[in-house]
1. Considering only the range 96-117, I want to know if a residue exists there that is assigned to a helix (DSSP H, G or I) and aliphatic (A, V, I, L, M).
2. Consider residue 12 carefully, then state whether it is open to solvent by less than 30 Å² (accessible area, probe 1.4 Å) and among the β-branched types (Val, Ile, Thr).
3. Do the conditions hold for residue 81, that is, is it open to solvent by 30 Å² or more (accessible area, probe 1.4 Å), assigned by TED's automatic domain parsing to the domain that holds residue 37 and modelled with pLDDT of 95 or more?
4. List the number of the failed condition for residue 130; all other conditions in (1) open to solvent by less than 50 Å² (accessible area, probe 1.4 Å); (2) assigned to a loop (DSSP other than H, G, I, E, B); (3) over 26 Å from residue 1 (Cα atoms) hold.
5. Determine the pairs where a residue that is without any contact (Cβ under 8 Å) to a residue 60 or more places away in the chain and closer than 14 Å to residue 230 by Cα, located within the range 172-201, has a partner that is of a type in the set (Asp, Glu) and in a helix (DSSP H, G or I) with Cβ atoms under 6 Å apart, the partner being 6 or more residues away or on another chain.
6. Output the number of residues of the range 252-271 satisfying the condition of being under 19 Å from residue 192 (Cα atoms) and in a helix (DSSP H, G or I).
7. Please state which of the following conditions residue 44 fails to meet, knowing it meets all the rest: (1) more than 18 Å from residue 262 (Cβ to Cβ); (2) open to solvent by less than 40 Å² (accessible area, probe 1.4 Å); (3) of a type outside the set (A, V, I, L, M, F, W, C); (4) part of a helix (DSSP H, G or I).
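The values are calculated or read from the model by the stated rules, or taken from the named source; none is laboratory data. On a predicted model such as this, the values are computed, not experimentally measured, just so you know. Please note: Cβ atoms are built from the backbone with ideal geometry, for glycine as well, and neighbour counts cover all protein chains shown. In case anyone asks, the SASA skips ligands and DNA or RNA and just uses the protein heavy atoms, side chains included. Shrake-Rupley method; radii C 1.70, N 1.55, O 1.52, S 1.80 Å.
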Amino acid sequence: MTRILVVAPNWIGDALLAQPLLARLGERLPGVSIDAFAPAWTAPVMRRMPEIDAVIDSPFGHGGLQLRERWRMGRELRARGYDQAYVLPNSFKSALLPFFADIRLRVGYVGESRYGLINVAHRLNKKKVPLMAERYAQLAGIPGEKLSRPLPGTRLRVDEANLLISLARLGIDRRRPVVALCPGAEFGPSKRWPARHFAALARKMAARGRAVWLIGSPKDAEIAAEIASLSNGAAINLCGKTDLATAIDLLSAAQLVVSNDSGLMHVAAALARPLVALYGSSSAEHTPPLASGPVAPRLVKLEGLPCSPCFQRECPLGHFKCMNDLDPQRVLAEIDAIAATP
Ligand code: SF4
């Protein structure tokens, strides 16, 4: 049996966009065993992927090279006897671990001059493989090989027992259909739809008999509190009250998800939830959610804005038109279009 170690991406969304690569590896190497080496903030997502056998928690945070610690970790991993490693981040330091672990085939993009560390080196052709998911999936083939399309979708396991326990703990019920709103975006405020717009949408949804849950991390608790307050009680703020694994389970219970371009947007797509995805400073061209359900995600963006996409964390022009002018009515129209889908 071939044993593979995947050095996972550092963002939740990217981790999900790497899943088609894992599926391709499974197709090419029947019976393969795949472990992931992942930071704490993406490990819960990797643990829910059916293709992954085990997740090894990375002790390394952002920043320093930590050469000695990486060498020690690599020597520990050597005992696991991996045959191949796939290094998904492009950094030099991320390629050190499989090298120190003496893994024979170390696959990845050349990235930050990683000659030697990566010995099955792919060169990125951005025109031929424009999507992030395609770039990861390309690594399953030999360098230069044409990528086969379409890619497999993303999918996550749901822990039903944890869902029921969490609903009881949080004191919420599922008698009404649930609309989940994901108001955060780790990248920065330029990706966040304003609180007043989310609140207006929450009020409309509540008027239609929906329960509205605000789902996100502790970092999103503040904007979610503002939304809950502006929604006049229509929205329940669950941000920061769950870990990521529970957020996944709660999203699985939603009949509709409205999300900024964020990690939870990709989670919702992987759970096959009907999804409206809101884009401001970013673009869907490079990292769209991978549809896994019968209803294609609706991607919403203000058209005709010359400054967009700017890919900045904060609006460099100060007016933040890309999100301020994205009216809740427009989002409601997308929700209605989903509802009208057979
Ligand atoms: S510059 Fe334009 S695209 Fe960028 S955040 Fe501001 S309004 Fe949005």
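1. Just the residues of the range 96-117 that are assigned to a helix (DSSP H, G or I), to begin with: 96-100.
Narrowing the set further to residues that are aliphatic (A, V, I, L, M) leaves 96-97.
There is at least one residue in the range 96-117 that is assigned to a helix (DSSP H, G or I) and aliphatic (A, V, I, L, M).
2. No; evaluated as a whole, the condition is false for this residue.
3. Against the criterion (open to solvent by 30 Å² or more (accessible area, probe 1.4 Å), assigned by TED's automatic domain parsing to the domain that holds residue 37 and modelled with pLDDT of 95 or more), residue 81 qualifies.
4. So the condition that residue 130 fails would be (1).
5. 195/226
6. 7
7. Here residue 44 meets the rest and fails (1).
Residue by residue, here is whether (1) open to solvent by less than 20 Å² (accessible area, probe 1.4 Å); (2) charged (D, E, K, R) holds:
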{"residue": "164", "(1), (2)": "no, no"}
{"residue": "169", "(1), (2)": "no, yes"}
{"residue": "182", "(1), (2)": "yes, no"}
{"residue": "190", "(1), (2)": "yes, no"}
{"residue": "196", "(1), (2)": "no, yes"}
{"residue": "199", "(1), (2)": "yes, no"}
{"residue": "215", "(1), (2)": "yes, no"}
{"residue": "224", "(1), (2)": "yes, no"}
